[in-house]
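Peer 1: For reference, the structure I am asking about is given below.
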Amino acid sequence: QVQLVESGGDLVQPGGSLRLSCAASGSIFIILDMGWYRQAPGKQLELVAAITRGGNTNYADFVKGRFTISRDNAKNTVYLQMNSLKPEDTAVYYCNADIIRIESSSTYPYWGQGTQVTVSS
């Protein structure tokens, strides 16, 4: 079994900051790419940011310069530092990780349960 558990979502005013965390646990051999996605009401799921095991990052244009993704491989954790938040950043944020389990040689994608971020005055 593998679990991804997100935390850090909250209600914040425009211009504020939040830091999301996502910790993976279970029978993990190695975690490859990790990422954050979001889904706003009535909209499709969209990629926010991704990071490789080696630390290479990729950002959606709408968060460049405002959000920073990072990871701690020793803790099997990925973070999303969100600054200068806007009302349009309001969404449920999900973490994703490509994981090879101890008992398998194949890579599978795993998802967290989501954490709500609301940006409003």
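The values are calculated or read from the model by the stated rules, or taken from the named source; none is laboratory data. All values derive from a computational prediction rather than experimental measurement. Note: ideal-geometry Cβ built from the backbone for every residue, glycine included; neighbour counts use all protein chains shown. Accessible surface is based on the protein model in full, side chains and every heavy atom, while ligands, DNA and RNA are left aside. Shrake-Rupley method; radii C 1.70, N 1.55, O 1.52, S 1.80 Å.
Peer 1: Pick out, in residue order, every one of the trypsin sites (Lys or Arg not before Pro) in the range 30-121 that is DSSP loop and has at most 16 other C-beta atoms within 10 Å; say none if there are none.
Peer 2: Hits after loop and neighbour filter: K43, R53, K64, R66.
Peer 1: Calculated FRET efficiency, I30 and Q113, Cβ-Cβ r, R0 22 Å, to nearest 0.05? Spell out each step's value before the answer.
Peer 2: Working: r = 23 Å, r/R0 = 1.03.
Taking R0 as 22 Å, the efficiency between I30 and Q113 is 0.45.
Peer 1: To continue, here is another question. So what's the net charge close to R19: Lys and Arg +1, Asp and Glu -1, counting the other residues with Cβ under 12 Å from its Cβ?
Peer 2: It works out to a net charge of -2.
Peer 1: Please state the Cα pair-distance histogram of the chain with 10 angstrom bins from zero: what percent is in each bin?
Peer 2: The percentages, shortest bin first, are 14, 47, 29, 9, 1.
Peer 1: Quick one: pull the percent of accessible area on the chain belonging to carbon and sulfur, 1.4 Å probe, ligands and nucleic acids left out.
Peer 2: For the chain, the apolar C and S fraction of the accessible surface comes to 47 percent.
Peer 1: Counting only heavy atoms of protein chains, what accessible area per residue, in Å², does the chain have with a probe of 1.4 Å?
Peer 2: 53
Peer 1: Determine the distance separating the Cα centre of the range 72-107 from the Cα centre of the range 1-52; give it in Å without decimals.
Peer 2: When both Cα centres are located, 4 Å separates them.
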